[in-house]
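First the structure, in the form of structure tokens, and then the observations on it.
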Amino acid sequence: MRHFYNYFSRPASVFLLLLAMAAPLQAAPSEAVSFETAAAGLASSSYSDRMEAIKTLGALGDPRAPGLLGSMLESRLYRRVSDDRLVDARREGSAYLLSDPSTGESLGEAGSRDIRKIMVNNSLRGAIRAVLSRMDLFSEDLERRRAAVEAATGYPSNEMAGSLVQALANEDDADLKAAMEIALATSRLLSTDAATRLAGLETLSETTSSEVRSMVSRLTETDADGEFYEPDPRVRGVAAGIMANMETRMRMLENVGKLYQGLSLGSVLLIAAVGLAITFGVMGVINMAHGEMIMLGAYSTFVVQELFRDYLPADLFYLYLPVAVPVAFLVTGLVGIALERGIIRFLYGRPLETLLATWGVSLVLQQAVRTVFGAPNRAVENPFWMTGGFELAGVVTLTWNRLVVIAFALAVLAALGLLLRYTALGLQMRAVTQNREMASAMGIKTGRVDYLTFGLGSAIAGVAGVALSQIGNVSPNLGQSYIIDSFMVVVFGGVGSLWGTLTGAMSLGVINKFLEPVAGAVLGKILVLVFIIIFIQRRPRGLFAMSGRAAED
Amino acid sequence: MFSYKKVALLAAGALICVGVAAGSAQAKKDTIKVGVLHSLSGTMAISEVTLKDTVLMMIDDLNSNGGLLGREVEAVVVDPASDWPLFAEKARELVEQKKVDVVFGCWTSVSRKSVLPVFEELNGLLFYPVQYEGEESSRNVFYTGAAPNQQAIPAVEYLMGEEGGSAERWVLLGTDYVYPRTTNKILRAFLRKKGVKQSDIMEEYTPFGHSDWQTIVSRVKKFASEGKRTAVVSTINGDANVPFYKELANQGISAEDIPVIAFSVGEEELSGIDTSNLVGHLASWNYFMSVDSPENEAFIKDWQKFIKNDKRVTNDPMEAHYIGFKMWAQAVRQAGSTDVDAVRQAMYGQEVRSPSGYDVVMNTNHHLSKPVMIGEITSDGQFDIVWQTDETIKADAWSPFIPESAKLTADWSYPWVCGNCVKPKFN
């Protein structure tokens, strides 16, 4: 910039500069802006020049434009320093592979100093997408047309309206035609003619997608100076009516959404707490290292992911998650057994000492992981089948990762229930927890059952870590954020009852999600805790109190 | 058993002897001691360990170039373990017992507030490298991170402009503590001044480590579908960011629909997230790793060599420590002494060519003049710099947008000699 100012300080240079600026100004108004000139504008350092160039390229309709703009959209468009040619560059190690953005013809390699990136930001990307979707409306390929129409709703403009009218005339597919009508109607809301805007509103009265909602409600809003965006009061009235209609229809869906969110939060609480329901619920060990077992499970997932990335072909990568489940189960199960054999078995019947010892273990594990893997977060990628989600009428989004976690949590709980009910180990576990001496007298090796039970609880915590790595972050502190919630769920649900854990987790999740929009996240959490305190005072044994002899000690 | 104990005792004794010997060897009278007060364990270790390593790298570099005033520089590292009261204790230990000449440290505002009385009481010197809420100027602290007018205000102005997408509605999302609350107070005042209506601002806070963002993200989505271009300003701190961004991506919020600009998310935080669905979301800082300058190239090279890992990234607070350390070393040379009062006087006006490619200057309000940059997240976890200031911007210690602060002046030079005065002390 400084150099620039220096230029201005010299009158002669200013004169030269003005001359230079005048030349393109004369050429600009004529329609004869060539593709090359417009394309060169993309490399300008000024934002408005680049925006202008994108719009011009859209208006020219040159067949070379989509490739060029597509490359720019992906941030792969560069200017080659040697000849100012615009090239598509992909990073390959320390060098870049160049190709022509329009034809794909290879242009050899270049170093990072030989090319300059064409900067693109959100606004420019939006403009490019609008231009590309306008071009794609006339594509031969049905899928591309469909995508183009979907995008068109998000980029309403008068040019878009023109293109849509043309595209509608050529379209045969009935569904697509209907979608085009909607897209056209949103663009019509920008028309200068009030009657056209009203006609647009008519068409839109049945839709609730967020883009449409946004466009319609804009008509009822005022700008910073208090002026209405929509000058015609008639149009405003119709828009307000449509908005009120939408509100009622959306309210129902919103409650469905809240319920889903509550169940999703509940399933996270559930999966985090199931392991503790074993170690604390069944065995009575106040296991402060439970959170760290979850954390170890998450790090096992990370390690499996890295191994997949390094040693297996990329198209198998999405399988890393199912493989991580048994790995995490084994790793944390073994750590759990070691913990029980090494420390906890000496402390049975001394809850305070157990609490302190396991808390110490949790600190040791945290710092150990921090030393081995480093303090920063580790990235665990969601496999493709767990990214994204689907929308219900533009109001509620059900995300895949959370749906999978809900199903997974229920599956883990069911498997555990079956194991306790139908296997020999399950029988022995129940026997030992109900009456240790008697079980021992019947020939059950209580020590073995103890470490297997603790190992199982830890292993399930590890499996929870696999699931939670898909939702949150993987860091040495991961466990701390779940330990309190886990205890809360187990105590609230009733110590020793799997049903209690399930109901406790789900009801806490749903209560939380219905409170949060009203009270805010911070106050919502406090209210839930207060609720639990009061509840525990009324029913100290939780929702599902164990009855019989076991409950008495 | 007995012999075991003996061996153990002997070994312990030997260790102590070695330790004492090493200690006394290191404590040669003529080393200059630099205290490093960053959490190496606990929740904040995630960010602060990197800063500890940055200071160690700077010290290494200084020593290999002949040290300072002909003396060797020695690091004294302590671990305040993300525990705020412990920060104060460790700070006292550094200044009083270890007799360090300067301290580089702290991340959270609450840790800084906790050590502030200690440094003021003992006349120590602290370099604080993180962007923060402003509204402070201590005689014993040099703030090398951004004040709100070097980060938050330009970020919002950018998003308001055509280039940033002409946002008219604002969601202010933050973690519930002093930095987000104060920053949002300043931002709200600023937005109101720009004509944004009260109903077009949504402010929302979450607890530390918040992991369930479903409700908030869907509310943001709804808020944004009410007719005006909406942008989210995020002062969400630490671990809560990963689940937040995951939820954003999964609910299909793209940066072109609702851009999210963050003040606490940098390269280091992104290295824990898969960014392919976050392309275009923004951050505002005074430095990005992607800056194209020879200083930055050298900085990155030195860092990756020091940490022996060519995948490690650099970030803004690291750059702030780089600037702070260089300035302190220059000031010590100029003063010819490590005496706190002498160094402080020499600090004013110190200039360093920073990795951001600009000459940054220390002002008499103990804050820097730095450039402001806005970056968009790329698919490889870096930032594309889409906007930057032409010149450096001088930090306001006190925000002009908060009426009671607007009256205050921070200026530690004559005739003010004050961090929060309405009129000069000596006139």
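The values are calculated or read from the model by the stated rules, or taken from the named source; none is laboratory data. Since we're looking at a predicted model, the values are computed, not measured. Don't worry about glycine lacking a Cβ; one is built from the backbone with ideal geometry, like all the others, and counts go over all protein chains shown.
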Can you find a residue in segment A:300-312 that is in the same structural domain as A:Lys525 (by TED's automatic domain parsing), under 20 Å from A:Phe454 (Cβ atoms) and touching a residue at least 40 places away in the same chain (Cβ under 8 Å)? yes
How many residues of segment B:250-278 are in contact with a strand residue (DSSP E or B) (Cβ under 9 Å, 6 or more places away or on another chain) and either surrounded by fewer than 23 Cβ atoms within 10 Å (Cβ to Cβ) or not hydrophobic (A, V, I, L, M, F, W, C) (or both)? The answer is 12
Among the residues in segment B:160-171, are any of a type in the set (Asp, Glu) and in contact with a Lys or Arg (Cβ under 9 Å, 6 or more places away or on another chain)? yes
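Where residues in segment A:188-227 are charged (D, E, K, R), closer than 18 Å to A:Tyr155 by Cα and within 13 Å of another protein chain (Cβ to nearest Cβ), which of them is farthest from the chain's Cα centre (by Cα)? Talk me through it step by step, then tell me what you get.
Residues of segment A:188-227 charged (D, E, K, R): A:188, A:193, A:197, A:202, A:206, A:211, A:213, A:218, A:221, A:223, A:225, A:227.
Within this subset, residues satisfying the condition of being closer than 18 Å to A:Tyr155 by Cα are A:188, A:197, A:211, A:213, A:218.
Remaining after also requiring within 13 Å of another protein chain (Cβ to nearest Cβ): A:211, A:213, A:218.
Numbers: A:Glu211: 20, A:Arg213: 23, A:Arg218: 28 Å.
Restricting to residues being charged (D, E, K, R), closer than 18 Å to A:Tyr155 by Cα and within 13 Å of another protein chain (Cβ to nearest Cβ), the top hit is A:Arg218.
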Only one of A:Arg80, A:Arg64 is within 12 Å of A:Lys117 (Cα to Cα) and surrounded by fewer than 20 Cβ atoms within 10 Å (Cβ to Cβ). Can you tell me which? A:Arg80
Which of the residues spanning segment B:57-78 are in a helix (DSSP H, G or I) and more than 17 Å from the chain's Cα centre (by Cα)? B:Met57, B:Ile59, B:Asp60, B:Asp61, B:Leu62, B:Asn63, B:Ser64
Just wondering, is there one or more residues in segment A:353-376 that are in contact with a strand residue (DSSP E or B) (Cβ under 8 Å, 6 or more places away or on another chain), surrounded by 18 or more Cβ atoms within 10 Å (Cβ to Cβ) and in contact (Cβ under 8 Å) with a residue 40 or more places away in the chain? no
Search segment B:354-378 for residues being within 14 Å of chain A (Cβ to nearest Cβ) and assigned to a strand (DSSP E or B), and hand back the single one that is nearest to B:Leu270 (Cα to Cα). B:Ile377
Restricting attention to segment B:40-56, and to residues there that are surrounded by fewer than 23 Cβ atoms within 10 Å (Cβ to Cβ) and hydrophobic (A, V, I, L, M, F, W, C), which single residue is farthest from the other protein chains (Cβ to nearest Cβ)? B:Leu56
Do you know which residues across segment B:384-418 are under 30 Å from B:Ala342 (Cβ atoms), in a strand (DSSP E or B) and over 18 Å from the mean Cα position of the chain (by Cα)? B:Thr409, B:Ala410, B:Asp411, B:Cys418
Helices (runs of 4 or more DSSP H) wholly in segment A:267-385 with at least 3 residues that are within 12 Å of chain B (Cβ to nearest Cβ) and under 30 Å from B:Asp274 (Cα atoms) - which ones? A:290-311, A:351-373
Given the options A:Gly479, A:Gly388, A:Gly472, name the one that is within 14 Å of chain B (Cβ to nearest Cβ), surrounded by 19 or more Cβ atoms within 10 Å (Cβ to Cβ) and free of Cβ contacts under 8 Å to residues at least 60 places away in the same chain. A:Gly472
Taking segment B:187-199 and keeping residues crowded, with 19+ Cβ neighbours inside 10 Å and at pLDDT below 95 leaves B:Val196
Looking at this structure, is A:Leu356 aliphatic (A, V, I, L, M) and within 25 Å of A:Ala505 (Cα to Cα)? no
So B:Gly381 ticks every box in (1) crowded, with 17+ Cβ neighbours inside 10 Å; (2) assigned to a loop (DSSP other than H, G, I, E, B); (3) at pLDDT 95 or above but one. Which box is left unticked? (3)
Could you check, for segment A:114-134, whether at least one of its residues is more than 14 Å from chain B (Cβ to nearest Cβ) and crowded, with 20+ Cβ neighbours inside 10 Å? yes
Out of the residues in segment B:162-205 that are closer than 22 Å to A:Arg218 by Cβ and without any contact (Cβ under 8 Å) to a residue 24 or more places away in the chain, state the one that is farthest from the other protein chains (Cβ to nearest Cβ). B:Gln198
Which one of these is assigned to a loop (DSSP other than H, G, I, E, B) and among the charged types (D, E, K, R): A:Glu211, A:Glu206? A:Glu206
So for segment A:495-504 (the condition being within 11 Å of chain B (Cβ to nearest Cβ) and closer than 17 Å to A:Ala273 by Cβ), does at least one residue qualify? no
